[in-house]
Each structure stands twice: as structure tokens, then as C-alpha cells.
1. Fully extended, how many nm does the chain gain between VAL78 and GLU20 (0.36 nm per residue separation, minus their Cα-Cα distance)?
2. Going by how many other Cβ atoms sit within 10 Å of their own, how do THR33, THR140 line up, fewest first?
3. If the label point is 7 Å along Cα→Cβ of ASP104, which residues in the range 14-35 have backbone nitrogen under 17 Å from it?
4. With +1 on the Cβ of every Lys and Arg and -1 on the Cβ of every Asp and Glu, and nothing else charged, how large is the dipole of the chain about its Cα centre, in debye rounded to the nearest 20?
5. Mind giving me the nanometre distance, one decimal, between the label points for LYS28 and GLU63, set 7 Å out from Cα along Cα→Cβ?
6. Among ASN122, ALA82, THR62, pick out the residue whose Cα is farthest towards the positive end of the charge dipole of the chain, where Lys and Arg carry +1 and Asp and Glu carry -1 on C-beta, about the Cα centre.
7. Quick one: 3J(HN,Hα) in Hz for the range 104-112, Karplus 6.51/-1.76/1.60 with θ = phi - 60°, rounded, Gly and Pro as x.
8. Can you compute the charge dipole magnitude of the range 110-149 about its Cα centre, using +1 on each Lys and Arg Cβ and -1 on each Asp and Glu Cβ, nothing else charged? Give it in debye, rounded to the nearest 20.
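No value in this document is a laboratory result; all are computed from the given coordinates. Note that the coordinates shown come from a computational prediction; the quantities given were computed from them, not determined experimentally. Every residue, glycine among them, receives a Cβ derived from its backbone with ideal geometry; neighbour counts consider all protein chains shown.
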Amino acid sequence: VEETYIMVKPDGVQRGLVGEIISRFEKKGFKLTGLKLFQCPKELAEEHYKDLKAKPFFPKLTEYITSGPVVCMAWEGVGVVASARKLIGATNPLQAEPGTIRGDLAVQTGRNVIHGSDSPENGVREIALWFKEGELCPWTQAQAPWLRE
Ligand code: GTP
Ligand code: MG
């Protein structure tokens, strides 16, 4: 089944938005399989965002991601990657629709509170990058029959 890497960025932690953000994914019906508060080292931030290395904002981006603890999450479910991106909203929070996390809770691209994997392949890659083997916890969701027929 599909999995995605979701991360509350340092601004989301500092602004007290962790519970609200987790709640949106829980209420939607996805399954949480990994969760930790974590101070990201510079090297990991650079590896995670390596596709953006040539961008002018790359140094500011890695500085931002390492500026305080993040909340790392693995979420599982049918179609979870694309659905999470919809719940998160556009990269620029001013362009993100109301009702989305960025649309409701942020105002600037450089402080957009949350990350979500952009493809199932990157979901797998990023979960392996941010979590060690024993940190993930598979479990059976009791509400599963009430989520899917
Ligand atoms: P992520 O879920 O964090 O990967 O965001 P995204 O997929 O919506 O956007 P993208 O992968 O293109 O960019 C990654 C992150 O870099 C964004 O979420 C922003 O935090 C940051 N970023 C992107 N573009 C800009 C920019 O023009 N200026 C600044 N300061 N930051 C940017
Ligand atoms: Mg991205």
C-alpha cells in the first residue's frame, strides 16, 4: 500500500500547529505508521532537498529546515501521496486554497509549515531517509472497514 513522508517544519512546531496538522490526516482516514520529534542535521536537509540544490533559495531552505525541531511522520493509505498534497495545498501559501493546511495556516513560501512527498517513489525514499528500521510501527487500523467498502 502507498506511503508518504509528511513533516511539520520548524515554524509549524514553534507555532503550535503539530496537533492540528496531525489531526487533519487522522480525520481524513489515513494510517500513521511513524512519528517523531527530531532536530534535523544540515547534511540530512541537504540530502532531502537535493533536487533543489541549484536553486538560489537552497541555503535559506536548509537553514530553515534545521532551525528547530521538526515532526517526522509516515502515513499510509490508498492514494495517500496525492491526497496529502491536496490537503497541504500549493507551495506558496498565498496561492493555497482555503481549507488546505497552507491555505489556512501560513502566508509565505519560505515558512510554509509542512512538507509532503511529491510521488510514491519519493514517499518510499524519504521515509527510508528520515526513519530507521525499528522506528516504524505497522498496525491494523480498527476503523478500516468503515473507511473502505
Ligand atoms: P515540500 O513539500 O516542502 O517539498 O514543498 P513543495 O513540494 O510544495 O515545493 P518544492 O519541493 O518545490 O520546494 C521545497 C520547499 O522549498 C518549499 O516547500 C519551500 O519551503 C521552499 N521553497 C520553494 N520555493 C521557494 C522560494 O522561491 N523561496 C523560498 N524562500 N523557499 C522556497
Ligand atoms: Mg517538494
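1. Numbers: separation 58, 0.36 × 58 = 20.88 nm, distance 2.22 nm.
That works out to 18.7 nm of additional length.
2. Numbers: THR33 20, THR140 6.
Fewest-to-most ranking of THR33, THR140: THR140, THR33.
3. What the label zone holds, given the 17 Å backbone N cut-off, is 15-30.
4. Details: 19 positive and 19 negative charges, 73 e Å.
Here the chain has a charge dipole of around 340 debye.
5. With each label placed 7 Å out from Cα toward Cβ, I get 3.1 nm.
6. The Cα lying farthest towards the positive end belongs to THR62.
7. 8, 10, 8, 10, 9, 4, x, 9, 9
8. Working: 4 positive and 6 negative charges, 28 e Å.
Dipole of the range 110-149, to the nearest 20 debye: 140 debye.
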